[in-house]
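These notes concern the structure reproduced below.
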Amino acid sequence: MGILDFLMGEFIDVIHHTDDTNDTLVWRFEREGHEIKYGAKLTVREGQAAVFVHEGQLADVFTPGLYMLETNNMPILTTLQHWDHGFKSPFKSEIYFVNTTRFQDLKWGTKNPIMCRDPEFGPVRMRAYGTYTIRVTDPAKFLREIVGTDGEFTTDEISYQIRNIIVALSSNALAGSGIPVLDMAANTLDLGKLIAAKVSPQLAEYGMEMPEFYIENISLPPEVEAAMDKRTSMGIVGDLGRYTQFSAAEAMTEAAKNPAGGGMGEGLGVGMGMMMAGQLAQQTAPAAQVPPPPPAEKVWHLAESGEAKGPFSRATLGRMAADGSFTRETLVWSAGQDGWKPAEDIMELAQLFTVMPPPPPAS
């Protein structure tokens, strides 16, 4: 190697970085045996930020663009070096390229079941998992708080910590949401936004943000899901007696199709036929007539002087209408009614006033 090649190797005129991986957050520009020449060109591409660290101190952060490394472009670095009169000699600094694009499809999931109190089933255990997206928003803070002096920092080195934060906060959000387990599948989008809002402030302390957060699945223990499947199956079957008859008829048909069964098949068919006949006889026998339970009496509440009074039955309101304490204009409300209404607008109550005699004529 000639003296000219040696001198050319001592200086680096162009500083840039391209990344073919999908998980590199920070990459340090290697400078062993090389010095950065005064006036060198620094290329920072879209989705990148370049952080200069000089003698252990963070000097400057460069956003996307083309820069000439001179004193007028690096006032902080110039102050650190006391280059009052300008310099032309090479200098050495550590340059970190920070990837500011989104890192997608990162996985999260609960290690252990989350205990919560369901309004329908009581105490239940459930698991959840999904994906999330992160992005570096403050390269200087991210370098100080997380990366340190790591020359190549990947998502694997921080995803474990982020997963711990997500699991802790998602467990709190899911358990305190008050949403029934059966309705959570319809509310995963809102739950995801709620969890992301809780995680974002903590990530901001690392110089990061979480643009997207998704809950892909919320599941119950296998034995609970099996019990729910049985309950669903019973609802689909409907009338158990008819289902038993249908199953018996199918068995008889299959037995008749089996010629090798001989007398056994015939006997089975006769036995099944007798069983079905007995069931049909039981179902067709007249059942004892049991009167239905009497209907619940409807009651009303009255609004007087801004307070609700009652409830009162229709008979009681009839007596009140007779003594004048209940009028057509009195506001009333009953279960299932859309807001308070005047008594004369309710058919059952309006009749109380029509049967009353009109006021006597004036003398």
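The values are calculated or read from the model by the stated rules, or taken from the named source; none is laboratory data. This structure is a prediction, so every number in the text was calculated from the model and none was measured. Cβ atoms come from the backbone with ideal geometry, glycine included; neighbour counts cover every protein chain shown.
A few remarks follow.
- Residues of the range 194-226 satisfying the condition of being assigned to a helix (DSSP H, G or I) and surrounded by fewer than 13 Cβ atoms within 10 Å (Cβ to Cβ): Pro201, Pro222, Glu223, Glu225, Ala226
- Single match in Glu55, Glu10 (criterion: more than 23 Å from Ala140 (Cβ to Cβ) and modelled with pLDDT under 75): Glu10
- Within the range 280-308, being modelled with pLDDT of 60 or more, surrounded by 11 or more Cβ atoms within 10 Å (Cβ to Cβ) and not in a loop (DSSP other than H, G, I, E, B) holds for Val299, Trp300, His301, Leu302, Ala303, Glu304, Ala308.
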